[in-house]
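The values are calculated or read from the model by the stated rules, or taken from the named source; none is laboratory data. For clarity, every value in this text was computed on a predicted model and none was experimentally measured. Cβ placement follows ideal geometry from the backbone for every residue including glycine, while neighbour counts extend to all protein chains displayed. Side chains are part of the model used for accessible areas, which takes the heavy atoms of the whole protein and leaves out ligands, DNA and RNA. Shrake-Rupley method; radii C 1.70, N 1.55, O 1.52, S 1.80 Å.
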Amino acid sequence: REPSPSHSTRQDINHFDWKDERTHFEKSSSRVGPEFQVDVLPAAGSYTSTTNTDVHDGGALYERVWNPEEAEKSGKLDFVHTRVKFNNKESAYEMLHSRGYRLPGFYQEVSNVSPTDCSNWTKADKDRFRAAVFEKHENMKEVSEMICKPINECITYYIVKFKRTKSYKSLKRSMKCKANMSEGSAGTLVCNECGKGGMLIACDTCEAHYHLGCTAPPLESIPDGTWNCGNCKRETRSMLSSQDEMSCNTDHNS
């Protein structure tokens with residue numbers, strides 16, 4: 001019997017022509033298209049050094065970090081996969097290869113490597129990252145240099161950890177406010193208290209910007225979550241006080 005309209009057949013599932021009927025909006029940040037695709041992948045292990053660092057000699061400028069044939073001969077083909085923790089495997093493969101697949105000292109070397117999932121970051125590391133990302137606005141190269149952490153760790157922490165915090169929402173609001181400024185005044189975001197630029201935080205109510213030291217009272221670090229400036233806090237207290245008075249008057253008259 002024929003399938004009911006509410007059920008898709010295997011042919012329907014693999015049919016993607018419906019995508020062509022949608023409206024596509026071009027984005028300035030898009031990197032999709034023939035000009036952004038890889039044309040040739042060089043053969044692994046064909047590292048070619050160059051004597052002149054200013055002139056590329058046409059050779060592949062990379063090194064081989066793993067040789068499955070040599071690993072299998074040494075009985076270490078699955079060694080890293082089965083013996084090393086997931087957050088150290090990437091470095092472990094390269095280390096074992098550089099050692100000629102010999103184990104003496106291997107575990108000690110791997111234990112000194114920073115985990116790729118940033119699980120060894122301290123609270124101070126996270127606070128310094130948060131301060132740097134508010135100042136550099138997602139420029140991970142500058143964030144990396146500012147907090148002295150590898151750029152791959154900064155990107156990992158930003159995507160896996162930071163984007164799940166309330167501070168991320170505050171960061172996006174601050175970036176949106178700066179992006180909405182006219183081109184003539186772009187980059188001139190200043191503190192509402194002292195009138196100077198630098199690392200600023202934005203009020204979640206009025207979107208005014210302040211240095212940590214210019215808030216009342218001064219802040220030692222960027223607050224994690226919703227933050228309101230002194231003016232908005234006073235207005236909120238005044239509003240609540242008025243509501244309490246109205247409620248008291250209503251109760252008294254009744």
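Listed values, structure above:
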| item | result |
| --- | --- |
| Filtered residue count, the stretch 83-119, keeping only those that are open to solvent by less than 90 Å² (accessible area, probe 1.4 Å) and either outside any helix (DSSP H, G or I) or over 30 Å from Cys148 (Cα atoms) (or both) | 13 |
| Residue, surrounded by the fewest Cβ atoms within 10 Å (Cβ to Cβ), within the stretch 204-223, restricted to residues that are under 26 Å from the mean Cα position of the chain (by Cα), within 20 Å of Phe129 (Cα to Cα) and free of Cβ contacts under 8 Å to residues at least 60 places away in the same chain | Glu220 |
| Of the criteria (1) at pLDDT 75 or above; (2) closer than 19 Å to His137 by Cβ; (3) of a type in the set (Ser, Thr, Tyr), which one Thr188 fails | (1) |
| Pro115 vs. criteria more than 15 Å from the chain's Cα centre (by Cα) and either closer than 26 Å to Ala202 by Cα or not aromatic (Phe, Trp, Tyr) (or both) | yes |
| Matching residues in the stretch 46-82 - criterion: being among the β-branched types (Val, Ile, Thr), assigned to a loop (DSSP other than H, G, I, E, B) and at pLDDT 55 or above | Val65 |
